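Here is the structure we will look at.
The values are calculated or read from the model by the stated rules, or taken from the named source; none is laboratory data. This one's a predicted model, so the numbers in the text were calculated from it and none came from an experiment. Methodologically, a virtual Cβ is constructed for each residue, glycine included, from the backbone with ideal geometry; neighbour enumeration extends over all protein chains shown.
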Amino acid sequence: MISARNARAAIAPLPRKAALSRRGFCLCCIGAAMAGDAWLTPRQAFAEARGLVTLIKASAAASPIVTHKLGHNLAVLEGSGGTVAVLTGPDGKVLIDAGIGVSRPQMTKALADLGADPITNLVNSHWHFDHTDGNTWLNASGAKIIAHANTLKHLSQVERVADWDYNFLALPAGGLPTEVFSTERTLQLNGQTVVLRPYAPAHTDSDISVTFVEANVVHVGDTLWNGVYPFIDYSTGGSIDGMIAASDANLAATRDDTVIIAGHGKAVGTRRELHQFRDMLVAVRDKVAALKRQGYSRDEAVAAKPTAAFDATFSAFVIDPDFFTRLVYEGV
């Protein structure tokens, strides 16, 4: 989920032709909503932001689901918000993340194509709606919902994202996690040891990773935006330092041959790509922090182009270098 955090000041326009795609998900909707030849005033930005959830859901309603089979009865589904992982087997389908509810027809077909096993378990990687909006229908289909305690907290109440000027309503009872944890938890499902590891606040204050031990696969949620600049949700505890710490934790918990599932960007990635993402975060953080210590304003820091060395690799997405620099500036 992306924020209009920078709406308090003028936001540089994003490319006019930010095309929707399964990898663009909700972020490309921001490109459509904020595109233009003039900078947005705060009032204009707030007005656009209030419509973003509608645009995101409309995109998800029309997007196809693309399936990547990983072996070991694991698959990855792209096209409904954040990347969804599915483990099939005699214990039923186990999903990591729920996508967006309006994708139910496409998701139902994609899940059916993975076999007749019923849906039995759903793990939320964090609270953002592009990962949890499908909770309610999946629970009605048989899924027990498991999540970090902070995910339950955020989903149980009106959660205001101030910079969107938007209030996310609480999910209905059927969409709320019924099993929560705040320390490491291990499940045994479909022949896999499934390890749920909370992070300290990173992308949000509710992030977890999910490791399928025997398959050597880990879903790291939105602590990895593979090959693109990430969003950091300061509204619910995220931080640039937390994102770096999460990347370090992910590197420590994986091997060179580990398959890494990212929340956004290239869905199925490698440890090398994770390392590149971490190194980018560190370098940009350090450059922006140095500029801030020297007295640069936010806009002056943006003009100094601290991301320039990485733009060719990471800027081909709707979070452009200027927007990412503003996010980092806020957190250093």
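Go through 311, 320 for me and flag whichever is of a type in the set (D, E, K, R), modelled with pLDDT under 95, over 17 Å from residue 234 (Cα atoms) and touching a helix residue (DSSP H, G or I) at 6+ places or on another chain (Cβ under 9 Å).
On inspection, the qualifying residue turns out to be 320.
Taking the stated definitions as given, is residue 267 within 18 Å of the chain's Cα centre (by Cα) and surrounded by fewer than 21 Cβ atoms within 10 Å (Cβ to Cβ)?
In short, no.
Identify, by number, the condition in (1) under 17 Å from residue 73 (Cα atoms); (2) surrounded by fewer than 22 Cβ atoms within 10 Å (Cβ to Cβ) that residue 94 doesn't meet.
(2)
So is residue 332 among the β-branched types (Val, Ile, Thr), closer than 26 Å to residue 80 by Cα and either out of contact with any Gly (no Cβ under 7 Å at 6 or more places or on another chain) or crowded, with 18+ Cβ neighbours inside 10 Å (or both) or not?
On the way: among the β-branched types (Val, Ile, Thr): yes; closer than 26 Å to residue 80 by Cα: no; either out of contact with any Gly (no Cβ under 7 Å at 6 or more places or on another chain) or crowded, with 18+ Cβ neighbours inside 10 Å (or both): yes.
So residue 332 fails the test.
Which condition from (1) out of contact with any helix residue (DSSP H, G or I) (no Cβ under 7 Å at 6 or more places or on another chain); (2) among the charged types (D, E, K, R); (3) modelled with pLDDT of 95 or more is the one that residue 205 breaks?
That leaves (1) as the condition not met.
When you scan the range 276-306, how many residues do you find that are crowded, with 19+ Cβ neighbours inside 10 Å and under 19 Å from residue 242 (Cβ atoms)?
Qualifying residue count for the region: 8.
Is there a residue being at positive phi and assigned to a helix (DSSP H, G or I) anywhere in the range 231-238? Walk me through it before giving the result.
If we filter the range 231-238 for residues that are at positive phi, which is where we start, we get 237.
In the following step, the residues that additionally are assigned to a helix (DSSP H, G or I) were identified as none.
Taking every residue of the range 231-238 in turn, none turns out to be at positive phi and assigned to a helix (DSSP H, G or I).
Among the residues of the range 128-164, what is the count of those that are surrounded by 22 or more Cβ atoms within 10 Å (Cβ to Cβ) and of a type in the set (S, T, N, Q)?
Matching residues across the range 128-164 total 4.
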